[in-house]
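J.: Please read through the structure below; I'll follow up with questions.
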Amino acid sequence: MTDKEGILPALGQALDKRGYSELTPVQTAVLAPELKDADILVSAQTGSGKTVAFGMAFAPTLLEGAERFGHAKAPLALVVAPTRELALQVKRELEWLYEMTGASVASCVGGMDMRIERRALGRGAHIVVGTPGRLRDHIDRGSLDTTAFKAVVLDEADEMLDLGFREDLEFILDAAPADRRTLMFSATVPRSIATLAKRYQRDAVRIAASAEQKQHVDIEYRALTVANNDRENAIVNVLRYFEAKNALVFCATRATVNHMTSRFNNRGFSVVALSGELTQNERTHALQAMRDGRAKVCIATDVAARGIDLPDLELVVHADIPKTPETLLHRSGRTGRAGRKGVSVVIVPHSARRRTERLLQAASIEAVWAKPPSADDVLKRDDERILADPALSEPVKEEEQAFAQELLTRHGPEQVAAALVRRYRAGQSAPEELLDVAPPESKSRSRDDFKDGVWFSLSVGREQSAEARWLLPMLCGAGGLNKREVGAIRIQSRETYIELAPDGIDRFLMAIGPDKTLEKTIRVKRLDGVPEGAGDVRDRPATRKKKPYDGSKSGAFNKGKPKKNAARKSSDAASTTDLPDAGASKPKGKKVYKPKFSKKRAKPGGTGGQGEGYLKRKKSKTTTE
């Protein structure tokens, strides 16, 4: 170690043996002399070395000046973790860190035989690591003695609250001695964590690790823009391009996890899945398959992936865009650990570009924006890996020379080289041809851009409450278009005609697919020429300037006409004598149309939302001006 100040000698020896050359920012922060006996609330991202940090932090409290532990009559420290995988990982870390002190570390986690855990506690354990539910069971049954606790650690405290363990945590903390040290480690510190800390900590010192304030230097972030319906194909090419030892693909729902697992298995990838429907035994087998190399890709939801430890994780793919900056950092932080480099790839549908930019900005991440690797890029990368294979640069052994010469003599060098390439590529998934992403929106589009435009009909019209205000976002989202590529929209009684610019046609046809539908219910048909009812729009500008509001109640825009009631408003500004009495009858006059709109968005063919507003307009009472 370059700096051993504040580290107990026995722990320093363990760190040297483990190959630690320097401490991480969070490890350095907890060793400050003024924090020796203090309660601390630490926020640090995943992969920042928190386990070693709190292991070093509470060591002086547990040993009290001694070099080694004596027999444990009752546990001296308790570490609570949200998941079984994380608890067992923490146990392994503490075992090597405390190896020179003679400490005994026991685990109490769900899914394990409780009788075995009870016997381990009975033999004596200095440090106990467990999950909230199982720890509470042991306390209730009297097999876990809490009276001698000198320190209690809540690891990933925010996740434990998210998983609904608040009641169990409060029970455990209430059972521990009041004079204990309480150390809370959390990726984020929302109000719920602050409230818990205020209740169970004494004048806690708040520590924000410097690594949390900036982008993880060992993680390369990439934001890859794709067509809205090309996400899975892009992920296939990303996995093939990097060929990572271990890759973790995050999805928003278990249904997406199951779908992608099936698809990627069919494509020849060695895949395992982690979702909430798996048993603990199935989770263990899936993670073991990743660790021993039988599987290279793990597809998981955020909840199911909490606490997992994959030492060789080189690639994280966000198939679904994270909802919060904290989730993005937490997902990505599973790679780039222990000095190893990692890549975090966010798959960004064209319609979600701006939302992703705001997310990255909120997380203080500078990502490289690019397109996903094309099929040619993947094949080129394959060739580079073949050329860099160490087997091609190793000297030919004496026992290999005769047979190598026979191969060259019988088949020739080109045939032998081609056979090598075919053998290398055998079993690999073929890369996908990806759609071109819509170009950035131009500031303006003239009518000339639509002179060769193509018309389509949509199977939705006024009878289904169709309106341009929801048709245009649908065309840009599900249709993969840029809004500047959508020209005229002509809504008829039972169908709608739309005009598209030539540069968006191919992308639109790929988006609607062979079934030619939008959002599963709207049928799309390509038309020849300008349809009847669409009108002659060739001489009309693509975008119109709004005319000034004339001040009338009807909301008409009449350029050049004097504003109604303008003189009256100016002359009667300070007088109400000319206004009718409240009880006077309203003068007869022109009927005024007053539309009533629902706040809900219209849905084609539905009766709610704008459809209800449309019916209300028909039945609304008339008023007079």
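The values are calculated or read from the model by the stated rules, or taken from the named source; none is laboratory data. In this text, all values refer to a predicted model and were calculated from it rather than measured experimentally. So basically every Cβ, Gly included, is an ideal-geometry build from the backbone, and we count neighbours across all protein chains shown.
J.: Going by the structure shown, is residue 263 in a helix (DSSP H, G or I), basic (Lys, Arg), more than 16 Å from residue 347 (Cβ to Cβ) and not assigned by TED's automatic domain parsing to the domain that holds residue 82?
T.: Taking the combined requirement at face value, the residue does not satisfy it.
J.: Give me the residue from segment 184-204 that is among the hydrophobic types (A, V, I, L, M, F, W, C) and touching a helix residue (DSSP H, G or I) at 6+ places or on another chain (Cβ under 6 Å) and, out of that set, modelled with the lowest pLDDT.
T.: The extreme case among them is 187.
J.: Kindly indicate which of 93, 99 is closer than 30 Å to residue 325 by Cα, surrounded by fewer than 22 Cβ atoms within 10 Å (Cβ to Cβ) and modelled with pLDDT of 90 or more.
T.: 93
J.: What number goes with the only condition from (1) at pLDDT 85 or above; (2) over 16 Å from residue 480 (Cα atoms); (3) not basic (Lys, Arg) that residue 536 does not pass?
T.: Failing condition for residue 536: (1).
J.: How many residues, within segment 498-530, are assigned to a helix (DSSP H, G or I), loosely packed, with under 14 Cβ neighbours inside 10 Å and in contact with a strand residue (DSSP E or B) (Cβ under 9 Å, 6 or more places away or on another chain)?
T.: Going through segment 498-530 one residue at a time, the tally reaches 1.
J.: I'd like the full set of residues that are out of contact with any Leu (no Cβ under 6 Å at 6 or more places or on another chain) and either closer than 14 Å to residue 257 by Cβ or surrounded by 15 or more Cβ atoms within 10 Å (Cβ to Cβ) (or both), limited to segment 287-296.
T.: 287, 289, 295, 296
J.: Now for a different question. What are the residues in segment 448-483 that are within 32 Å of the chain's Cα centre (by Cα) and farther than 22 Å from residue 513 by Cα, if any?
T.: 468, 469
J.: A follow-up question, please. For residue 316, indicate whether it is farther than 19 Å from residue 189 by Cβ, assigned by TED's automatic domain parsing to the domain that holds residue 359 and touching a helix residue (DSSP H, G or I) at 6+ places or on another chain (Cβ under 6 Å).
T.: Here the answer is yes, as residue 316 does meet what is asked.
J.: Does residue 274 fit the bill of being closer than 29 Å to residue 23 by Cβ, buried (at least 20 other Cβ atoms within 10 Å of the Cβ), assigned by TED's automatic domain parsing to the domain that holds residue 234 and touching a residue at least 24 places away in the same chain (Cβ under 8 Å)?
T.: no
J.: Moving on to the next point. Give me the pairs: first residue in segment 17-39 and among the small types (Gly, Ala, Ser), second residue part of a loop (DSSP other than H, G, I, E, B) and at pLDDT below 85, beta-carbon distance under 9 Å, and six or more apart or on different chains, which are they?
T.: These pairs meet every condition: 21/1; 21/2; 21/339; 29/44; 29/209; 32/6.
J.: Also, I was wondering about something else. Does residue 79 satisfy the condition of being within 39 Å of the chain's Cα centre (by Cα) and touching a residue at least 40 places away in the same chain (Cβ under 8 Å)?
T.: Considered against the rule, which asks whether it is within 39 Å of the chain's Cα centre (by Cα) and touching a residue at least 40 places away in the same chain (Cβ under 8 Å), residue 79 comes out as yes.
J.: For residue 234, state whether it is of a type outside the set (Val, Ile, Thr), in contact with a strand residue (DSSP E or B) (Cβ under 7 Å, 6 or more places away or on another chain) and part of a strand (DSSP E or B).
T.: no
J.: What's the number of the condition residue 136 fails, among (1) in contact with an Asp or Glu (Cβ under 6 Å, 6 or more places away or on another chain); (2) in contact (Cβ under 8 Å) with a residue 60 or more places away in the chain; (3) over 27 Å from residue 101 (Cα atoms)?
T.: (2)
J.: Can you report the number of residues in segment 374-412 which are of a type outside the set (D, E, K, R) and surrounded by fewer than 10 Cβ atoms within 10 Å (Cβ to Cβ)?
T.: Counting residues in segment 374-412 that are of a type outside the set (D, E, K, R) and surrounded by fewer than 10 Cβ atoms within 10 Å (Cβ to Cβ) gives 11.
J.: Still on this structure, I have one more. Any residue in segment 281-295 that is closer than 15 Å to residue 271 by Cβ sitting within a Cβ distance under 7 Å of a residue that is among the aliphatic types (A, V, I, L, M) and part of a helix (DSSP H, G or I)? List the pairs, counting only those 6 or more apart or interchain.
T.: Listed pairs, sorted by first residue: 295/289.
J.: Just checking, which of 44, 72, 32 is within 22 Å of residue 312 (Cα to Cα) and among the small types (Gly, Ala, Ser)?
T.: So the residue among 44, 72, 32 that is within 22 Å of residue 312 (Cα to Cα) and among the small types (Gly, Ala, Ser) is 44.
J.: Residues of segment 10-27 being surrounded by fewer than 17 Cβ atoms within 10 Å (Cβ to Cβ) and outside any helix (DSSP H, G or I), which ones?
T.: Residues satisfying the conditions are 19, 21, 22.
J.: Suppose we keep only residues that are touching a strand residue (DSSP E or B) at 6+ places or on another chain (Cβ under 6 Å) and polar (S, T, N, Q) within segment 237-271. Which one would you say is surrounded by the fewest Cβ atoms within 10 Å (Cβ to Cβ)?
T.: Among those that are touching a strand residue (DSSP E or B) at 6+ places or on another chain (Cβ under 6 Å) and polar (S, T, N, Q), it is 265.
J.: Just for segment 110-151: of the residues that are under 18 Å from residue 83 (Cβ atoms) and in a strand (DSSP E or B), which one is farthest from the chain's Cα centre (by Cα)?
T.: 128
J.: While we're looking at this one, here's another question. Based on this model, can you work out whether residue 321 counts as surrounded by fewer than 19 Cβ atoms within 10 Å (Cβ to Cβ) and either assigned to a loop (DSSP other than H, G, I, E, B) or touching a His at 6+ places or on another chain (Cβ under 6 Å) (or both)?
T.: Yes, satisfied.
J.: Out of 305, 352, I need the residue that is under 24 Å from residue 237 (Cα atoms), in a helix (DSSP H, G or I) and within 20 Å of the chain's Cα centre (by Cα). Which one?
T.: Exactly one residue qualifies, and that residue is 352.
J.: Here's a follow-up. Limited to segment 121-149, what total is found for residues that are touching a Lys or Arg at 6+ places or on another chain (Cβ under 6 Å) and not hydroxyl-bearing (Ser, Thr, Tyr)?
T.: The qualifying residues number 2.
J.: Out of the residues in segment 40-73 that are in contact with a helix residue (DSSP H, G or I) (Cβ under 9 Å, 6 or more places away or on another chain), in contact (Cβ under 8 Å) with a residue 60 or more places away in the chain and assigned to a helix (DSSP H, G or I), which is farthest from residue 195 (Cα to Cα)?
T.: Checking each candidate, the answer is 62.
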